[in-house]
Every structure is written in structure tokens, then in C-alpha cells.
Amino acid sequence: MYDVSHMAQLYQELPHHWLLLEVLETNEHGRAEKLRLLKYAKDKNELYEYLLDEDPHWEWSKRYIFVFSDPEKECEIP
């Protein structure tokens, strides 16, 4: 589990990868506060396939985010 404040570190550890994140907690404004990294890949389509075909815990009620980890840009998590 990651706090939003730790996402910059994750960007440095996995540069130029797509990250599939599950939102675990949000703040009063609906912005993500705590996240779980489900999978990462160079190809975003690989994450879609994983989410729909392989993730045993996938549910419509969960909130997922796809983010590109560019260590040269500021981390913007909605």
C-alpha cells in the first residue's frame, strides 16, 4: 500500500512504466490518498488484460487508476 506522498518514489523505481493502481482510500474531496499497486508494465494494454482476465479481486465497485510513471514530471493522482 502506498500513500500518495510515496508515489514520487515509485515513479523513480519504475520509470517509464504504466502503473495499475487500486484506490483504497480517498480524502473529503474524492482524491486518492492510499493506493495499492496491482501491476506495472511498459504496455498499457497488458494492464487492461490483467485487470479484466486475471485479477481475481476485480469488481465494478472498486476504483482503478492507470498512471504513466514519468520521473521527470510531477506525480498527479486524481
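The values are calculated or read from the model by the stated rules, or taken from the named source; none is laboratory data. Quick caveat, the model's predicted, so the values are computed rather than measured. Here the Cβ is made from the backbone with ideal geometry for all residues, glycine too, and neighbour counts use every protein chain on show. Heads up: the accessible areas ignore ligands, DNA and RNA and are worked out on the full protein's heavy atoms, side chains in. Shrake-Rupley method; radii C 1.70, N 1.55, O 1.52, S 1.80 Å.
If you scan region 5-26, which residues turn out to be at pLDDT 90 or above, more than 11 Å from ARG63 (Cα to Cα) and open to solvent by 40 Å² or more (accessible area, probe 1.4 Å)?
Within region 5-26, GLU13, PRO15, HIS16, TRP18 qualify.
Go through region 10-35 and count every residue that is within 13 Å of the chain's Cα centre (by Cα) and part of a helix (DSSP H, G or I).
Final tally of qualifying residues: 2.
From the set of residues in region 36-76 that are touching a Pro at 6+ places or on another chain (Cβ under 9 Å) and not in a strand (DSSP E or B), which is modelled with the highest pLDDT?
Among those that are touching a Pro at 6+ places or on another chain (Cβ under 9 Å) and not in a strand (DSSP E or B), it is SER69.
For region 27-37, enumerate the residues that are touching a residue at least 24 places away in the same chain (Cβ under 8 Å) and open to solvent by 20 Å² or more (accessible area, probe 1.4 Å).
Result: ARG31, GLU33, LYS34, ARG36, LEU37.
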